[in-house]
Amino acid sequence: MGPESASSPTVGVVGSGAMGAGIAQVALTAGLHVVLHDSNPAALSKAREQIVAGVERLVQKGRVSADIVQRIDDHLVLAEDLSALAPAQVVFEAIVE
C-alpha cells in the first residue's frame, strides 16, 4: 500500500539528513504516509535506518506501539525523483543550506 492509495494524508520531505529523517519519523509515528526525497540513494538508506532505530527506541520507552515499526515499510516511500512528492498534501524542505 503506497501513499497514492492511502486514506491517511501524505507528507513529503525533501532532504534526508538528520532534520529530514526526524520530520519523517514524527509523521510516521503519527500514522501519516511519508515520501522522503533525496538525490543521494545512500543518504536515503541511512535515513531509513535512523528512522527505524528512532521508532524502535520509542517502542522500548513505551511511547508508541510496536506495530508502528512494521508499518514503516507500508508508510514510507524513499524517492530519488521529485515527482514522487506529487501525492503529498504538504512538503517540508530540509536540505543543507
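The values are calculated or read from the model by the stated rules, or taken from the named source; none is laboratory data. Just so you know, these numbers come straight off a predicted model, no measurement behind them. All Cβ positions, glycine included, derive from the backbone under ideal geometry; neighbour counts span all protein chains shown. Ligands, DNA and RNA are excluded from the accessible area calculation, which covers all protein heavy atoms including side chains. Shrake-Rupley method; radii C 1.70, N 1.55, O 1.52, S 1.80 Å.
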Study note, to complete from the structure: Bounding extents of the chain in its principal axis frame from Cα atoms, largest first in Å, are 35, 30, 18
Practice item. Using Cα pairs closer than 8 Å and at least 6 residues apart in sequence, work out the relative contact order for the chain, in percent. Key: 43 percent
Check your understanding: Amide H of Val77: which non-local residues (sequence gap of 5 or more, or other chain) have their own amide H closer than 5 Å, using H built in the peptide plane?
Key -> Val34, Val35, Leu36
Point to revise | Ser7-Lys61 pseudo-label distance in nm [points 7 Å out on the Cα-to-Cβ vector] | key: 3.0 nm
Practice item. Rank Pro41, Ala94, Met19 by how far each Cα sits towards the positive end of the charge dipole of the chain (+1 on Lys, Arg Cβ; -1 on Asp, Glu Cβ) and give me just the farthest. Key: Met19
Check your understanding: Round to a whole number: what % of the accessible area of the chain belongs to carbon and sulfur, probe 1.4 Å?
Key -> 55 percent
Point to revise | Whole-number accessible area per residue in Å² for the chain, which is evaluated in the context of all protein chains at 1.4 Å | key: 56 Å²
Study note, to complete from the structure: Contour minus Cα-Cα span, Asp81 to Ser39, at 0.36 nm per residue, comes to 14.4 nm
Review point. Treating the beta-carbon of each Lys and Arg as +1 and of each Asp and Glu as -1, no other charges, what is the dipole magnitude of the chain about its Cα centre, to the nearest 20 debye?
Key: 420 debye
Review point. What residues of segment 29-46 lie in the reach of a label at Ile95, counting those whose backbone N is under 13 Å from a point 7 Å from the Cα along Cα→Cβ?
Key: 37-40
